[in-house]
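Colleague: Quick one: this structure, given as structure tokens, is what I'll be asking you about.
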Amino acid sequence: MKRHVTAVAMALCVVSSACSDLRPVDSESRRSVITVDEPSVPGQPAPKKVAGQAPAPAVSPIQNPSNAEGGVLRIGKSGSWDSLDPANTSEPYARNLLRNYGRTLVVVRPGPGSVQLEPDLATDLGKASDDRKTWTYTLREGVTFEDGSPITSKDVKYAVERSLDKTRFPDGPGYFNELLDLQGYTSPYQDADPAKLGLKAIETPDDRTIVFKLVRSFAAFDYVAQLPATMPVPRVKDTGASYADHVVSSGPYKLEGKPTQAGFSLIRNSAYAGKTDPQSGRKPLPDRIEVAVNLAGDIIDQRLLSGQLDVEATGSGLLPTAASRVLKDPVLVREVRTAVQSRILLAFINPEIAPLDNLDCRKAILYAADRGAYQQAYGGSVEADIATSLLPPGYTGSAPPDPYKVADHPTGDVDRGRQSLAACGQPTGFVTGVGFRVDRATDRAAAESLRTSLARVGISVSLRPLPASGLFPGPTTGREYLKAHGIGLVVTERSADWPESTGFVARLFDNNAIRPVGSVANLAVMMPAVQAQIEAAEATRDATGRTKTWAKVASDVMDNALILPGAWAKAQFFPPGNLTNVYACPAFDMYDFAALGTTRR
């Protein structure tokens, strides 16, 4: 019998996905497509249960707690790994695992429900100037790379400098690019004499001190300091875009050899000294971590259910066949645990494309869209809840405004949709395109649901597959491309870069996240008033105050009909009984890879 993680309502959002400049999180291809009876909306009566589904018994927050060391932890993933290079890492699962082989200035401490920041390489959280534009960190003594050489502040500075190079590292978060006073600096690879030049916005007055100079106040900078870009990189070992072939470890594990198309393995780093890591909460329990990639989805399911695999990397549910089998099994179904994730499945509405430059035309889409069908595209009520707002469930201040009365009309309000079309001068509808990633079956299904439901009011939507590389930086998927090809809607999803409101909503709305090509962080919101609120929130020291401002920002964006919130994702967890320290971590919306152990020897 398999044991499953306890149910955890994710109170705050995930660190992914996806996601800073963010590519959509790489989990969707595994979402279960399970037929349900009716749409589910938070706060509304629960839908009918899937046949055979029984109430789950109460269990402790940590399944199989243990500090026992040894064994091999086996992780499997369909598709390739995001990146092992800290400069090019954005997916939540990849950043989750990175904590095993890399240390950053700050870290989210492991633990059920934990979103607590702790110093990691640093001795303490950042010391901010009064205007919160200068942040100083002091490094711990005695921390080394895997070869025993000391880690200094210059290694952290160099790591951040190289992460700025979006030509070589297009997929890493862009916060440092936007927050640091770059003064024209682009990349250490462009320095005539890297040893003498470098970015003036980062100072290293001695080997243990690093100072960041920002262009604007940013009160949540400690969260930026926990991103992978602050994992130290020794300049002499840097091989540019191929550095991922052997990332130099600063954590309890290191790469064994060079990654292959089949995967990679992590083994213990003998140079790691636990005494230099007293606050992060890491538990380097397994002797070895094996990661298999490019596996077929059904093979992953078979291995999970047979005990040949311990973890599916992205934390998503089983594929339809396996999920149906589990949900109908009277024994297994009692141990299924569902985690409500802070991942929004959404569609941008592009105001640069006529007639969507008219507010009422955009509102017509929000009224007419069938959210129940959108929910079904991602697996129904077992896999998603209908979203009525842009803020994740559980956020302070997220008691959601529902200006389009989605809770009352989960399948769409056709009459209000037609009224909005008449108000925008398009009483018979209009034509536009909807973009979606060609390799994501559920995104296609969501796009098809929009085509069907919007046709009821006369809006003709053509399906426009985007490259399998997805909404990544690149000339084929940028806003200019969408504008040139009349793609007024883009189906995608969004997770947070850290478990705090700034890490979720800012990137959806921030003008600084807009680029002529490539950026998916913000494809639609270009509002000066909202931008002013964003910058005010970022400068607010009080986290509660920031969150209230973000709630107002989200409400204003909804009033301007620039984003269609479709659904909030859920995940089913199916760990084998040999796993220890199993719980759903709200910082990543999946297992905590820094805490997992195994009893299998």
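The values are calculated or read from the model by the stated rules, or taken from the named source; none is laboratory data. No experiment lies behind these values; they were computed from the predicted model shown. Glycine also receives a Cβ, built like all others from the backbone with ideal geometry; neighbour counts cover every protein chain displayed. We work out accessible area using only protein heavy atoms, side chains counted, and drop any ligands, DNA or RNA first. Shrake-Rupley method; radii C 1.70, N 1.55, O 1.52, S 1.80 Å.
Colleague: What accessible area per residue, rounded to a whole number of Å², is obtained for segment 86-132 using a probe radius of 1.4 Å?
Modeller: 26
Colleague: Work out the FRET efficiency for residue 480 and residue 186 from their Cβ-Cβ distance, taking R0 = 22 Å, and round it to the nearest 0.05. Show your work: numbers first, answer last.
Modeller: Working: r = 21 Å, r/R0 = 0.96.
Efficiency computed from Cβ-Cβ geometry: 0.55.
Colleague: Can you figure out the FRET efficiency of residue 354 with residue 438, using R₀ = 30 Å and their beta-carbon distance, to the nearest 0.05?
Modeller: So, using R0 = 30 Å, E works out to roughly 0.70.
Colleague: Please give every one of the lysines within straight-line cross-link reach of residue 283, meaning a C-alpha to C-alpha distance under 22 Å, and leave out same-chain neighbours fewer than 8 residues apart.
Modeller: Straight-distance partners of residue 283: 254, 275.
Colleague: If you take every residue apart from residue 185 with its C-beta less than 11 Å away from the C-beta of residue 185, what net charge results, scoring Lys and Arg +1 and Asp and Glu -1? Don't skip to the answer; put the middle values down first.
Modeller: Values: positive: 200; negative: 161, 165, 181, 191.
Summing Lys/Arg as +1 and Asp/Glu as -1 gives -3.
Colleague: Next up: Which residues does the label zone of residue 559 cover in segment 529-552, counting backbone N under 12 Å from a point 7 Å along Cα→Cβ?
Modeller: Hits in segment 529-552 for residue 559 at 12 Å: 529-530, 552.
Colleague: Indicate the gyration tensor shape class of segment 85-161 (rounded, prolate or oblate), computed on the Cα atoms with a ≥ b ≥ c the square roots of the eigenvalues: a/c under 1.5 is rounded; otherwise a/b larger than b/c is prolate and the rest oblate.
Modeller: Working: a/c = 1.45, a/b = 1.05, b/c = 1.38.
The shape class here is rounded.
Colleague: Just to be sure I understand the model, the point goes 7 Å from the Cα along the line to the Cβ. What's the resulting residue 129 to residue 287 distance in nm?
Modeller: If labels sit at residue 129 and residue 287, their model points lie 5.2 nm apart.
Colleague: Starting with the highest mean, order 206-213, 84-91 by the number of other Cβ atoms within 10 Å, averaged over the residues of each peptide. It would help to have the intermediate numbers written out before the result.
Modeller: Values: 206-213: 18.4, 84-91: 27.1.
Going by the mean number of other Cβ atoms within 10 Å, highest first, we get 84-91, 206-213.
Colleague: To continue, here is another question. How would you order 421-432, 346-357, 97-108 from highest to lowest mean count of nearby Cβ atoms within 10 Å? Intermediate results must be reported in sequence, preceding the final value.
Modeller: Numbers: 421-432: 16.9, 346-357: 19.9, 97-108: 26.3.
Per-residue Cβ counts within 10 Å, averaged per peptide and sorted highest first, yield 97-108, 346-357, 421-432.
Colleague: Then there is this: Multiplying the sequence separation of residue 294 and residue 206 by 0.36 nm and subtracting their Cα-Cα distance, what value in nm do you get?
Modeller: On the way: separation 88, 0.36 × 88 = 31.68 nm, distance 4.41 nm.
Value of the extension gain: 27.3 nm.
Colleague: Using a Förster radius of 30 Å, what is the FRET efficiency between residue 600 and residue 260 based on their Cβ-Cβ separation? Nearest 0.05, please.
Modeller: Details: r = 24 Å, r/R0 = 0.80.
Once the sixth-power term is evaluated, E becomes 0.80.
Colleague: Could you work out how far the C-alpha centroid of segment 175-237 sits from that of segment 537-601, in angstrom?
Modeller: Going from one Cα centre to the other spans 27 Å.
Colleague: A further question follows. Per 0.36 nm of contour for each residue apart, how much would the distance between residue 215 and residue 279 grow if the chain were fully extended, relative to their Cα-Cα spacing?
Modeller: Numbers: separation 64, 0.36 × 64 = 23.04 nm, distance 3.04 nm.
Residue separation times 0.36 nm, minus the Cα-Cα distance, leaves 20.0 nm.
Colleague: Summing +1 for each Lys or Arg and -1 for each Asp or Glu, what net charge is found among the other residues whose Cβ lies under 12 Å from the Cβ of residue 146?
Modeller: Details: positive: 103, 237, 254, 268; negative: 147, 256.
Spelling it out: positives minus negatives among the neighbours equals +2.
Colleague: Right, another one. Sequence-distant or interchain residues sharing an amide H contact under 5 Å with residue 71, placed H: which?
Modeller: Those qualifying (amide H under 5 Å, at least 5 residues apart or on another chain) are 287.
Colleague: Sticking with this structure for a sec: Residue 423: net charge of surrounding residues, Cβ under 12 Å, Lys/Arg +1, Asp/Glu -1, itself excluded?
Modeller: Details: positive: 362, 363, 416, 418; negative: 360.
Spelling it out: positives minus negatives among the neighbours equals +3.
Colleague: Something else about it: Quick one: what are the phi-derived ³J(HN,Hα) couplings along segment 156-163, Karplus 6.51/-1.76/1.60 with θ = phi - 60°, whole Hz, x for glycine and proline?
Modeller: Couplings: 6, 4, 5, 4, 5, 4, 5, 5 Hz.
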